Amino acid sequence: MFDLVADVEHYPQFVPLCQSLDVRKRSTEDEGRVVIVADMTVAYKFIRETFTSRVTLDRPELAILVEYLEGPFRRMNNRWIFHPIDARSCEVEFFLSYEFRSRALGLLMGGVFDAAFRRFAAAFERRADQVYGTQAA
């Protein structure tokens, strides 16, 4: 599951509202951590917004940290922590916190984002079934 979530370039294929994702930079840091700076464009009907994030892939700790850099939010951060259960399954802990910069955009898009993020986990579960087979957990 770590690899599936770390494969950000494929997000437009299955993540709700994700229209495109462009990697600006990819580098390897100490202890094998990979850092990606990427622009994600989300779209819903006539609204289209792009934001930039720094994604730290920490394979030794089985954690992914996403830090917001710029775009329509005042703040947005999320993290994934993977807890192995056995050789073929794991429990995934996901945290997301965001606030729109503009109150008007927040009122307009807040409900859409809330609904999309509720579908977010289901989209990753479906993707895991496609990539790893229906036995993935």
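The values are calculated or read from the model by the stated rules, or taken from the named source; none is laboratory data. This is a predicted model, so every value here is computed, not measured. Positions of Cβ are backbone-derived with ideal geometry, glycine not excepted, and every protein chain shown enters the neighbour counts. These area figures cover heavy atoms from the full protein model, side chains too; ligands, DNA and RNA do not enter into them. Shrake-Rupley method; radii C 1.70, N 1.55, O 1.52, S 1.80 Å.
Before moving on, here are some points about what is shown:
- If only residues of region 112-137 that are among the basic types (Lys, Arg) and at pLDDT below 80 are counted, the one that is least open to solvent (accessible area, probe 1.4 Å) is Arg119.
- Qualifying residue in region 10-21 (condition: in a strand (DSSP E or B) and open to solvent by less than 20 Å² (accessible area, probe 1.4 Å)): yes
- Where a residue in region 2-27 is closer than 20 Å to Ile81 by Cα and its partner, wherever it lies, is β-branched (Val, Ile, Thr) and in a helix (DSSP H, G or I), with Cβ under 7 Å and at least six apart: Leu4/Val131
- Picking from residues in region 70-88 that are within 30 Å of Gly133 (Cα to Cα) and exposed (fewer than 14 other Cβ atoms within 10 Å of the Cβ), the one that is modelled with the highest pLDDT is His83.
- Residue in region 34-42 that is in contact (Cβ under 8 Å) with a residue 12 or more places away in the chain and open to solvent by 40 Å² or more (accessible area, probe 1.4 Å) present: no
- No other residue among Asp58, Asp7 is of a type in the set (Asp, Glu), closer than 20 Å to Ala123 by Cα and open to solvent by less than 80 Å² (accessible area, probe 1.4 Å) apart from Asp7.
- Listed by first and then second residue, the pairs linking a residue in region 58-83 that is in contact (Cβ under 8 Å) with a residue 60 or more places away in the chain to a residue that is among the β-branched types (Val, Ile, Thr) and assigned to a strand (DSSP E or B), with Cβ atoms under 6 Å apart and 6 or more places separating them unless they lie on different chains, are Trp80/Ile64; Phe82/Val92.
- Applying the set (1) surrounded by 14 or more Cβ atoms within 10 Å (Cβ to Cβ); (2) without any contact (Cβ under 8 Å) to a residue 24 or more places away in the chain to Phe46 leaves exactly one unmet item: (1).
- Sole residue being open to solvent by 20 Å² or more (accessible area, probe 1.4 Å), within 28 Å of Gly133 (Cα to Cα) and assigned to a strand (DSSP E or B), chosen from Glu99, Glu91, Glu67: Glu91
- Check on Val37, under 17 Å from Phe117 (Cα atoms) and within 13 Å of the chain's Cα centre (by Cα): no
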